[in-house]
1. Looking only at the stretch 115-147, filter to residues that are surrounded by fewer than 11 Cβ atoms within 10 Å (Cβ to Cβ) and of a type in the set (Ser, Thr, Tyr); which one of those is farthest from the ligand (Cβ to nearest atom)?
2. Scan (1) assigned to a loop (DSSP other than H, G, I, E, B); (2) at pLDDT 95 or above for the single condition Leu163 breaks and write down its number.
3. Among the residues of the stretch 174-196, are any modelled with pLDDT under 95, out of contact with any Asp or Glu (no Cβ under 8 Å at 6 or more places or on another chain) and over 26 Å from Lys147 (Cβ atoms)?
4. Kindly evaluate Ser79 against the criterion of being touching a residue at least 40 places away in the same chain (Cβ under 8 Å) and more than 14 Å from Ile29 (Cβ to Cβ).
5. Return only the number of the condition from (1) closer than 30 Å to His269 by Cα; (2) among the aromatic types (Phe, Trp, Tyr); (3) within 16 Å of the ligand (Cβ to nearest atom) that Phe101 does not satisfy.
6. Tell me the residue from Val136, Val144 that is farther than 21 Å from Asn31 by Cα and touching a residue at least 24 places away in the same chain (Cβ under 8 Å), please.
7. Got a sec? Which of Met197, Met221 is part of a strand (DSSP E or B), out of contact with any Cys (no Cβ under 9 Å at 6 or more places or on another chain) and surrounded by fewer than 18 Cβ atoms within 10 Å (Cβ to Cβ)?
8. For the stretch 51-65, how many residues are at pLDDT 95 or above and not small (Gly, Ala, Ser)?
Amino acid sequence: MMIQEISPSVFDNTYTPDRAPTPNDYLLIVNGPMIVSRTGNDPALPTFADFGADVAAAFPLFAIDDRYFYFAPMDAVESPAGFEPHHVGELMHTMPSPLNFAAVTAYHLTGWYADNRFCGRCGKEMERGTTERSLVCPHCKNTVYPKISPVVIVCVTDGDRMLLTHYAGRDYTNYALIAGFCEFGESPEDSVRREVMEETGIRVKNIRYYGSQPWGLSSSMLLGFFAELDGSDVVTVDRTELSDASWFRRDEVHLPDDRISLTRDMILHFINHGNNI
Ligand SMILES: [Zn+2]
């Protein structure tokens, strides 16, 4: 399970800039990573019915099933009683599915709006697209789309062992896989080879695609790969990356499913099924 796996619910990113909200639709009040919400025993995101008056600044983001999600900036709207700002990284874990996915995805999109208020080419104020999810400069027609940066995540295996990274000095609850942004001019497979070499000094072969995940926290599209050790298994850790990397047999790693991340999904896949994908 991963955060975007919300079946039987269905995510719909159709662009509906002129749609009028109904009382049942969600309104996310956002300021950077903070989203007005309710946590605790009865976690919830506010709906328009929770607000006393019409919210003129609200703009639609997406829908899940028949419920639309709108957003408005925090300085334009007063939070309803019982709701207060919470960090999206917290909501990712405390909101029930699919609201945790909605919160992270809203953060991705609202962050893009906040970061692209002015044209990067001529400096004029951008306007929201009328027919597609874009921002358009009325002066020079420069058009920008939501930023989605590809990232590779790599499970390097050698027989029954896998290469895990972890922060040096801490206990081993924070296992991760080698990961990094694709750079210009690279195929994802090129990025796999470069990232593994940079972080561990290891060569890989038999690079195979496993699966993907939209990851709004870093405006990313995660692309998961399995790859096999090619040659020496001696790890040379890049200390500038602040983490350590070493080999673990799959029967010595014990992790619960966090029901969120592709990384965890891939580690559990190797523990349970080896590198058969
Ligand atoms: Zn412009």
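The values are calculated or read from the model by the stated rules, or taken from the named source; none is laboratory data. Here the structure is a predicted model, which is why all the values come from computation and not from measurement. We place every Cβ from the backbone using ideal geometry, glycine too, and count neighbours over all the protein chains shown.
1. Thr131
2. Every condition holds for Leu163 apart from (1).
3. Among the residues of the stretch 174-196, at least one is modelled with pLDDT under 95, out of contact with any Asp or Glu (no Cβ under 8 Å at 6 or more places or on another chain) and over 26 Å from Lys147 (Cβ atoms), which makes the answer yes.
4. Against the criterion (touching a residue at least 40 places away in the same chain (Cβ under 8 Å) and more than 14 Å from Ile29 (Cβ to Cβ)), Ser79 does not qualify.
5. So the condition that Phe101 fails would be (3).
6. Working: Val136 fails: touching a residue at least 24 places away in the same chain (Cβ under 8 Å).
Criteria check complete, one pass: Val144.
7. It is Met221.
8. Here the count works out to 6.
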